[in-house]
1. Please give the contour-minus-distance gain from residue 304 to residue 69: 0.36 nm per residue of separation, less the Cα-Cα distance, rounded to one decimal in nm.
2. Sort 157, 282 so the one with the fewest other Cβ atoms within 10 Å of its own Cβ comes first.
3. Using alpha carbon centroids, what distance separates region 186-223 and region 88-114, in Å?
4. How long is the gain from residue 294 to residue 216 if the chain were fully straight, where each residue apart is worth 0.36 nm and the alpha carbon distance is subtracted?
5. Relative contact order for region 128-257: what is it in percent, counting Cα pairs under 8 Å that are at least 6 residues apart?
6. Pop the C-beta distance of residue 59 and residue 177 into the FRET formula with R0 = 51 Å and round what comes out to the nearest 0.05.
7. Sort the following peptides by mean Cβ neighbour count (other Cβ atoms within 10 Å, averaged over residues), highest first: 274-280, 92-98.
8. Name all residues of region 129-167 having a backbone nitrogen under 20 Å from the label point set 7 Å from the Cα of residue 198 along its Cα→Cβ direction, giving them as ranges.
């Protein structure tokens, strides 16, 4: 038996001089570049290894008893975040590592009765989000969406595309954030917007707001609205090559037409009566999802809103609702 190139040897009991290498042949375990010989029963402690090529991973010690809690402290680096933490046992299976509720860069696991190897991967921490002021919308009503970023750096140009179901929605407006000093161009038909900056910008917060309207004859149901944000576009060799691209999405659920409070497919005086009943017995007369019934916009729902809805039915131009 060749015992060369053994980088680590664990012996729980004193090495008996009478034991030959042949008797040790079935005690050799390989784990990557580490070969471990165990003799004399179960070890009292096991090794936690971090590969030399692994950066940003720290543990307070390297040996633990089975059942001990092992804490891993991660250092992602600037503008990076933890993508995954893996704790691999000698048999190739993995141990669950749990993130700390107090610190997203601290993980822990319970030491198994075997040696383990820890690896971690990191990714760009920059993200883009798409949110709506309300994720429910009635037929004919508008919802305002906001596209935001936590940190875009060195931005010379931006391209933003909003994707939506054009059979059920109309894109009514797109407006870049007032915090941006830019030259811009937009296309409501395609949902595309571009911005250029005279000097590189570091941007956090809102990039754009936009309005989507559910069509009056829209199909009821839930729809995914998504966006892509591309940074620093260029074109060469027949290919567009942005420096980076980020995606996000949100859901809008289309309900009944604005003002159709009793869900009978019509907006008429019966809905005004229904709203008046709601002000007395809201549990018996619930307002459908997506309906905003403070028509007078005074911060409360009362008989004034029922009267406003009746007036809307008779004169929708003078008494608009949305």
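The numbers here are math on the coordinates, done by the rules we state, and not lab data. Because the structure is predicted, anything quoted here is derived from the model rather than measured. Ideal geometry is used to build each Cβ from the backbone, glycine not excepted, and the neighbour counts take in all protein chains shown.
1. So the chain would gain 78.3 nm between residue 304 and residue 69.
2. 282, 157
3. About 41 Å separates the Cα centre of region 186-223 from the one of region 88-114.
4. Stretched fully, the residue 294-residue 216 segment lengthens by 26.0 nm.
5. Answer for region 128-257 is 37 percent.
6. Result of the calculation: an efficiency of 0.75.
7. So the peptides 274-280, 92-98, ranked by packing, come out 274-280, 92-98.
8. Flagged as within label range: 154-158.
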